[in-house]
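Here the structure comes first, spelled out in structure tokens, and everything after it is commentary.
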Amino acid sequence: MRLEMNAIVKSYGDHRALDGVTLALPDIRTLAVLGPSGSGKSTLLRILAGLETPDAGEIALDGDPVRFDEEYLLRHRRGIGTVFQSFNLFPHLTALDNISLPLEKVHGYEASEAATYALQLLARFQLAGHALKTPAQLSGGQKQRVAIARAVAIKPRLLLFDEPTSALDPEMTVEVLDLIAELRQEGRPLVLVTHEIGFARKVADLVVFLHEGRVLEWGEASHLFERPSTPELRGFLDKVLRY
């Protein structure tokens, strides 16, 4: 998938989260977006998902411009699967219903068809025995796997992960990262915002490094990790890879 961003600006009050982000990525397979806290990573992801509107700039996916009017964005969101760090599951619904209800209400599935498909996904992600549990009855790793199953269920053109392991303990983190690696092996286009730098180094094809709302470096992951050219990226990697 091609991604083009031209001079994207987004501010919240006096804080400029993105300050003229420009990118031209010819072939996204697994893109890791790295940077220190507050660098604009999550804002960039939310704009890609159609959940935030930039103050200025343009975006295109596979050459198709993204319009930021509500009618267009409703269609756009149906083709983007987003997994959040806080899971964003409906607390009053079972794991099964968290997956099947959006398929019914947004994607036009019949109730029985949606339930059958949701059960297949739960089984695939080792959650079949938890189908009738609510989020409060699930562990953090199980909740995140339900959230990933929900994102995959809509057969998205692009999967977005916003710090998907930041709320998990180490054992659950490995379980979720293994699942993301599996999705990557299937050839699904992924954009991953993460502090799990070792994982990003292992699975990413491309890396974008954000600093204070700007793209300081981007390119092939192997090159950026081995030979960062800016002092900001060198300092960032020195800190996060020290231990």
Q: Only residues that are within 20 Å of the chain's Cα centre (by Cα), surrounded by fewer than 17 Cβ atoms within 10 Å (Cβ to Cβ), closer than 21 Å to V21 by Cα and touching a residue at least 60 places away in the same chain (Cβ under 8 Å): list them for region 56-79, please.
A: D62
Q: State yes or no: is T53 within 18 Å of the chain's Cα centre (by Cα) and part of a loop (DSSP other than H, G, I, E, B)?
A: yes
Q: Take region 201-221 and flag every residue that is of a type outside the set (V, I, T) and crowded, with 21+ Cβ neighbours inside 10 Å.
A: A204, L206, F209, L210, G213
Q: Can you work out which of the residues in region 80-97 that are among the polar types (S, T, N, Q) and under 24 Å from L190 (Cα atoms) is surrounded by the fewest Cβ atoms within 10 Å (Cβ to Cβ)?
A: S86
Q: Assess whether A17 counts as being surrounded by fewer than 22 Cβ atoms within 10 Å (Cβ to Cβ) and assigned to a strand (DSSP E or B).
A: no
Q) Is it true that some residue in region 78-94 is out of contact with any Cys (no Cβ under 9 Å at 6 or more places or on another chain), farther than 30 Å from A115 by Cα and at pLDDT below 95? A) no
Q: Would you check if there is a residue in region 162-170 being at pLDDT 90 or above, surrounded by 19 or more Cβ atoms within 10 Å (Cβ to Cβ) and among the β-branched types (V, I, T)?
A: no
Q: Could you identify the single residue in A32, A24 that is over 19 Å from I80 (Cα atoms) and in a strand (DSSP E or B)?
A: A24
Q) Taking region 98-113 on its own, how many of its residues are within 20 Å of the chain's Cα centre (by Cα) and buried (at least 20 other Cβ atoms within 10 Å of the Cβ)? A) 3
(Q) Condition first: more than 23 Å from N88 (Cβ to Cβ), in contact with a strand residue (DSSP E or B) (Cβ under 7 Å, 6 or more places away or on another chain) and not aliphatic (A, V, I, L, M). Now tell me which residues in region 37-73 satisfy that. (A) D55, G57, E58, P65
Q) Which one is modelled with the lowest pLDDT among residues in region 20-37 that are surrounded by fewer than 16 Cβ atoms within 10 Å (Cβ to Cβ) and over 18 Å from L158 (Cβ atoms)? A) S37
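The values are calculated or read from the model by the stated rules, or taken from the named source; none is laboratory data. All figures in this text were calculated on a predicted structure; none of them were measured in a lab. Counting neighbours? That spans all protein chains shown, and the Cβs are built from the backbone with ideal geometry, glycine included.
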